[in-house]
Amino acid sequence: QVQLVESGGDLVQPGGSLRLSCAASGIIFSNYAMGWFRQAPGKQRELVAVIRSDGSTYYADSVKGRFTISRDNAKNTVYLQMNSVKPEDTAVYYCNAKRVVVGTRLGDYWGQGTQVTVSL
């Protein structure tokens, strides 16, 4: 019923740009905070960026100034614009939708991931 489908992952050269998309269905999209996580080989999954229902954003220090998260509620889609990419950005990128009300988790969903490889 609930689906998050990432797309846009690719091989890209250092310094290049890439835009990831995550299309959500089965949820009231505007009620959810949307996040991008990534997991590199041998490392734990880490939070990259979050955009909340009110449009406020958070970025990990490692991507601040290079990545931009945005959402289009009319399209039930969240984006991650990746600029000036570095080899250390190489990872599987996962889309996450989470809804928390009064400290209680009401929904927490994940996509299957999309591979981003930054290499010459």
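The values are calculated or read from the model by the stated rules, or taken from the named source; none is laboratory data. Remember, predicted model here, so these are calculated numbers, not experimental data. No Cβ is skipped: glycine too gets one built from the backbone with ideal geometry, and neighbour counts run over all protein chains shown. For accessibility, only protein heavy atoms count, side chains too; no ligands or nucleic acids. Shrake-Rupley method; radii C 1.70, N 1.55, O 1.52, S 1.80 Å.
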ask   = How about segment 31-45: which of its residues are of a type outside the set (Phe, Trp, Tyr) and closer than 14 Å to Ser70 by Cβ?
value = Ala33, Met34, Gly35
inquiry  = Filter segment 110-120 down to the residues that are surrounded by fewer than 18 Cβ atoms within 10 Å (Cβ to Cβ) and not small (Gly, Ala, Ser) and list them by number.
reply    = Trp110, Gln112, Gln115, Thr117, Leu120
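Output the number of residues of segment 72-81 satisfying the condition of being touching a residue at least 24 places away in the same chain (Cβ under 8 Å) and in a helix (DSSP H, G or I). Explain how you work it out, then say what you get.
Within segment 72-81, the subset touching a residue at least 24 places away in the same chain (Cβ under 8 Å) is 73, 75-81.
Retained after the next criterion (residues that are in a helix (DSSP H, G or I)): 73, 75.
Residues flagged as touching a residue at least 24 places away in the same chain (Cβ under 8 Å) and in a helix (DSSP H, G or I) within segment 72-81 amount to 2.
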Residue count, segment 61-75 (criterion: surrounded by 12 or more Cβ atoms within 10 Å (Cβ to Cβ) and within 15 Å of Glu88 (Cα to Cα)) = 4
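Evaluate segment 5-27: report whether one residue or more is in a loop (DSSP other than H, G, I, E, B) and out of contact with any Ser or Thr (no Cβ under 9 Å at 6 or more places or on another chain). Quick ask: steps written out before the conclusion?
To start, the set of residues in segment 5-27 that are in a loop (DSSP other than H, G, I, E, B) comprises 8-10, 13-17, 26-27.
Narrowing further to those that are out of contact with any Ser or Thr (no Cβ under 9 Å at 6 or more places or on another chain): 26-27.
Checked segment 5-27: at least one residue is in a loop (DSSP other than H, G, I, E, B) and out of contact with any Ser or Thr (no Cβ under 9 Å at 6 or more places or on another chain).
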Subset of segment 34-56 that is assigned to a strand (DSSP E or B) and open to solvent by 60 Å² or more (accessible area, probe 1.4 Å) - its residue that is farthest from Asp89 (Cα to Cα) = Glu46
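Of all residues in segment 82-106, how many are assigned to a strand (DSSP E or B), surrounded by fewer than 16 Cβ atoms within 10 Å (Cβ to Cβ) and in contact with a strand residue (DSSP E or B) (Cβ under 6 Å, 6 or more places away or on another chain)?
Of the residues in segment 82-106, 1 are assigned to a strand (DSSP E or B), surrounded by fewer than 16 Cβ atoms within 10 Å (Cβ to Cβ) and in contact with a strand residue (DSSP E or B) (Cβ under 6 Å, 6 or more places away or on another chain).
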